[in-house]
Each structure stands twice: as structure tokens, then as C-alpha cells.
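All remarks here apply to the structure that follows.
The values are calculated or read from the model by the stated rules, or taken from the named source; none is laboratory data. Quick caveat: nothing in here was measured; it's all calculated off a predicted structure. Using ideal geometry, Cβ is built from the backbone for each residue, glycine included, and neighbour counts are taken over all protein chains shown.
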Amino acid sequence: MNNIFSKINNQTKIFAIFLAIFMLLHTSLFAKGKENFRQVEATGRSIILPDNLETSRKRALEDALYVAALKGGADINGFSSISSNTIINDQSVVRATNSVIDFKILSETQDKEFLIINISAIVGDELSKINCKNRPLNITLLKGIFRFDSNVETKLGRYLPIWYNQIYEIISSIPNINITNHKDKSVEQITQSSINRSFNYKALINGLPKIQSGDYSIVPKLFLTKINQENDFLNYLLKVTYEIYKGQKLELIRSRSYDLPIKYQFSSKFQFILNISTANIDNIDKIVREHMNNVTNDFLKEITCMPLEGKLSVNDEKLIVNLGRNQGIKQRQIGLVKGINIKNSMLNNSSVIVHTDNIFDNYSTLLPLNNDVKLTTLNNLIVKFVE
């Protein structure tokens with residue numbers, strides 16, 4: 001009996017040790033798969049086929065790409081059968097959790113019957129690696145609008161311009177945002193200045209906002225309307241809307257509205273009832289300011305988490321993007337370019353990795369990871385930067 005229990009205990013210990021090792025490997029490899037884009041080197045091998053060297057080369061390259069993907073992170077699943085304290089059957093499946101985005105061949109050698117290829121590759125998960133860190137934002141505040149309906153109580157209506165100006169103060173007080181205040185100039189005025197010469201002359205005299213390609217402009221809008229009565233209460237709706245434009249051409253890229261219902265006054269024909277049921281205007285003012293502060297921070301956080309994108313151009317044999325240190329570009333930062341077909345590529349997608357070479361205030365020069373990529377094929381394409 002003791003021998004039976006001893007065997008069971010030994011088997012349990014072996015199984016526990018195997019399980020611990022498995023969990024350790026699984027955890028460490030899986031954790032690597034959650035990192036940012038990484039540059040790795042990998043080696044692939046293939047048996048040389050004297051009559052078909054190109055096939056050998058492709059097989060070695062496929063092997064190198066698989067190894068590179070595993071270095072980016074992997075999931076391990078498997079099981080073992082144990083009999084008489086011995087593992088008699090061990091089955092496992094290793095699956096890469098990241099993919100190879102781009103690569104270049106570093107060397108190709110032949111060693112007796114093997115062909116060996118060394119590559120440098122970028123591996124990662126594009127969907128989860130969008131730049132969402134606290135990068136600087138350059139924002140120009142432009143002229144917005146505020147309006148309330150004729151059936152809105154006068155006391156509430158008087159507060160609307162106060163709340164409107166409060167928006168500019170809130171945006172200007174948020175850290176890590178460089179503000180240029182041009183709230184006296186509308187989007188239409190700036191747009192017309194580039195079309196109408198006479199208008200442009202007046203704009204130049206009065207001063208036009210200097211907006212860079214990677215910068216943003218915000219137009220705030222405030223509307224106060226009366227809504228349906230609820231339980232004989234007069235209710236109002238304050239709608240705070242933000243429109244954000246990008247670059248010198250003021251391209252509208254996003255618009256968000258945030259609603260705040262205001263319960264103001266009980267509907268009655270008796271003045272006494274009206275007086276005692278009317279909400280305290282100071283309390284309403286406090287609620288509105290808190291609302292605007294919260295939604296403004298949420299909206300600007302959403303903008304910060306947008307992918308940092310720029311347009312590529314080729315000038316004097318250099319690849320240039322219209323983003324620089326003022327827009328948050330960093331040294332050796334990786335960018336992903338789609339929409340290019342690479343001949344003889346082993347990858348299924350059509351992506352090219354570039355990285356920053358020289359960074360200036362409002363533009364940067366880039367270099368592709370793969371030296372075989374012609375710069376002219378990247379002209380006018382969009383690059384999306386990642387951390």
C-alpha cells in the first residue's frame with residue numbers, strides 16, 4: 001500500500017514540476033508578445049537543392065521569418081501522458097502571437113549541404129501598438145459659436161457666453177498642450193484667405209494663424225435648447241460640440257457632441273411656486289463647468305490617442321514626413337507605411353517599415369528598414385507611427 005501511495009506521490013510531483021515549467025514558459029513567452037514593435041535578428045536554414053537553389057533560398061527565408069515571429073512572442077499549448085513515473089508522450093503546439101511586419105536580408109551563406117540566411121525583422125501586433133502616450137499637441141483655438149433658443153429663460157441665456165469663454169480657458173489650462181489663441185478668426189475666414197486675394201491681403205495685415213501640417217485646430221460650439229417637460233418640470237439641454245481640424249488645409253477629422261440635461265424650473269401659473277422651484281443658478285453654473293471640464297479632457301485624450309500620421313514626400317533623394325519634434329516625433333521611432341507592392345516579398349501584406357533619421361521642428365527625414373525599397377514608391381503615401 002505504501003508503495004502505491006509513493007508512486008502516486010512521485011507521479012504527482014513529476015506532473016507538478018512539468019506544469020510549473022510549462023506555465024513559466026507560457027507566461028514569459030506570452031508576455032513578450034504584449035510588447036511594442038521590436039527589431040529582432042533571426043537565422044533560417046534549408047537543405048541545398050543543387051538543381052533548384054531558388055527554392056532552397058525561399059525555404060531558408062521562410063524558416064528565418066518564422067523564427068523572427070516566435071521571437072516576437074508565442075503561445076504554447078500541449079499535454080503529456082505519464083506512466084510509471086515516466087513521460088511517455090509529450091505533445092505541444094507553438095504559435096507565434098506576433099507577425100513580421102517588414103524585414104531585410106543581412107547575409108546569405110552556404111555551409112556544406114545547408115543554405116543559411118540571416119535577417120533583421122520588425123515584429124509586433126499593429127492593432128494594439130498605436131501611439132497612445134502623452135505626446136504634445138499643438139492646437140489653434142478658432143472662432144466657434146454659441147446660441148440659445150428664444151424660449152430659453154433669460155437668466156440661463158445670459159450664462160451661455162460665459163460658458164463659451166470658459167471652454168477656451170479649460171483647453172488652455174490642460175498640460176502638454178501648446179495653445180495658439182485665434183478665437184477671433186473662423187475656419188471660413190482662413191479658408192477664404194487662400195482663395196480670395198483681396199481677402200488674403202486683409203488677413204495678412206491682421207495676422208493669420210501659422211498652422212503646421214501635423215497640428216490641430218479646434219472649433220467649440222455651444223447650444224442651449226428647451227426640451228420636453230418631464231413631471232411638469234421645465235428642462236433644458238446644453239449641447240457642447242467640438243470640431244477638430246488637422247493641418248494647414250483645415251481638414252475636418254472629427255466632431256464630438258456631449259449633452260447635459262438641465263432641470264431648471266417647475267411649470268406653474270403661480271409665481272410663488274415658480275420662485276421656490278427654480279434651480280439655483282450658481283449650482284447650475286458649477287454643474288456646467290464640471291461637465292465642460294470633463295468632456296474637454298476626454299475629447300483631447302481621444303485626440304492624443306489618435307495615430308500619429310503624416311504624409312510622405314521625396315525631395316532631393318530624401319524621404320520626408322511633415323511631422324517633427326513639435327508634433328512628438330522621437331529618434332529612431334518606427335513608422336508603418338501601407339499601399340506599396342514589394343516584388344519577391346515573402347510577406348502577405350504590403351507594408352514597409354521606416355524609422356526616423358533626422359528630426360527637425362516640423363518635419364523629419366526617414367529611412368526604410370529594407371534598403372531595396374525605392375524611395376519614389378513611397379511618395380505621397382501615409383505613414384502611421386507607433387511607439
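Quick notes on this one:
- Count of segment 357-383 residues which are free of Cβ contacts under 8 Å to residues at least 40 places away in the same chain and touching a helix residue (DSSP H, G or I) at 6+ places or on another chain (Cβ under 6 Å): 2
- Taking first residues from segment 134-161 that are in the same structural domain as TYR245 (by TED's automatic domain parsing) and of a type in the set (Phe, Trp, Tyr) and partners that are surrounded by 14 or more Cβ atoms within 10 Å (Cβ to Cβ) and part of a strand (DSSP E or B), the Cβ contacts under 7 Å between residues at least 6 apart in sequence or on separate chains come to PHE146/LEU222; PHE148/LEU224.
- Test: residue in segment 69-82 that is modelled with pLDDT of 80 or more and more than 15 Å from PHE37 (Cβ to Cβ): yes
- Single residue of PHE272, PHE223, PHE266 found to be hydrophobic (A, V, I, L, M, F, W, C), more than 30 Å from ILE353 (Cα to Cα), at pLDDT below 90 and surrounded by 13 or more Cβ atoms within 10 Å (Cβ to Cβ): PHE266
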